[in-house]
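Student: Have a look at the structure that comes next, please.
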Amino acid sequence: MPTKIFVAAALLLGMIACNNSTDSSSTTTTDTAAAAAKTDSSSHEAMHHDTAAANITPLPAVPADAKVFFKNLKEGASVKSPVKVEFGVSGIKLDTAGPIVAGSGHHHLLVDAEDSIPAGTVVKKDSTHLHFGKAQTGTEVTLAPGKHKLTLQYADGIHRSYGAQLSKTVNITVK
Ligand SMILES: [Cu+2]
């Protein structure tokens with residue numbers, strides 16, 4: 001049965017290709033290898049290498065000492081609206097959105113939203129998820145009187161969150 005031999009060979013080639021890969025984030029299950037083998041081994045290889053390159057560039061690593069912080073707002077602060085918010089960052093560069101540059105990113109301000117966005121997840125863009133892709137270092141937000149939660153979230157050039165390490169939340173009260 002030539003077909004069976006071909007499938008077995010394709011599977012084996014696929015496994016070798018995956019084992020040689022340095023992309024630790026991709027795991028090949030028997031299912032995907034088998035699915036690829038149904039077509040042919042070259043398409044499996046192409047698929048595998050596309051994953052590691054092109055449009056799914058891995059999220060750049062977060063420098064160990066990098067952090068973000070509110071320069072002018074302390075936890076529990078009582079403030080007036082509009083609320084001035086100054087963004088602080090250290091240990092990682094501030095850059096405009098666009099290219100994915102390792103060791104850099106831009107700020108996002110989440111208003112009464114998440115405490116942080118999981119690493120690798122694109123920060124959505126709406127009235128409570130504000131992007132500062134021009135490398136801005138602050139803003140003013142208009143908030144109703146009462147308690148509010150503000151979160152800074154740093155993300156890479158294509159707005160993928162750097163996760164909890166590069167986030168900071170403060171709870172404030174607007175008078
Ligand atoms: Cu962004």
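The values are calculated or read from the model by the stated rules, or taken from the named source; none is laboratory data. This is a predicted model, so every value here is computed, not measured. All Cβ positions, even for glycine, are placed from backbone atoms using ideal geometry, and neighbour counts span all protein chains on display.
Student: All but one of (1) outside any strand (DSSP E or B); (2) in contact (Cβ under 8 Å) with a residue 40 or more places away in the chain hold for ALA113; state the number of the condition that does not hold.
Tutor: It fails just one condition, (2).
Student: Scanning the range 59-109 for residues that are within 16 Å of the ligand (Cβ to nearest atom) and of a type in the set (D, E, K, R), which turns out farthest from LYS168 (Cα to Cα)?
Tutor: ASP95
Student: Out of the range 61-105, which residues are small (Gly, Ala, Ser) and outside any strand (DSSP E or B)?
Tutor: Of the range 61-105, the ones small (Gly, Ala, Ser) are 61, 64, 66, 76-78, 81, 88, 90-91, 97-98, 102-105.
Of everything in the range 61-105, those that are small (Gly, Ala, Ser) and outside any strand (DSSP E or B) turn out to be ALA61, ALA64, ALA66, GLY76, ALA77, SER81, GLY91, ALA97, GLY98, ALA102, GLY103.
Student: Can you name the strands (runs of 3 or more DSSP E) wholly within the range 131-175 that have at least 2 residues being basic (Lys, Arg) and assigned by TED's automatic domain parsing to the domain that holds GLY76? Don't jump to the end; show me each part of the working.
Tutor: Working: elements: 138-141, 146-155, 167-174.
By residue number, 146-155.
Student: Step by step: first the residues of the range 126-175, then only those that are within 15 Å of the ligand (Cβ to nearest atom) and under 15 Å from ASN72 (Cβ atoms), then the one that is surrounded by the most Cβ atoms within 10 Å (Cβ to Cβ). Which residue is that?
Tutor: LEU152
Student: Considering only the range 83-93, I want to know if a residue exists there that is surrounded by 14 or more Cβ atoms within 10 Å (Cβ to Cβ) and hydroxyl-bearing (Ser, Thr, Tyr).
Tutor: no
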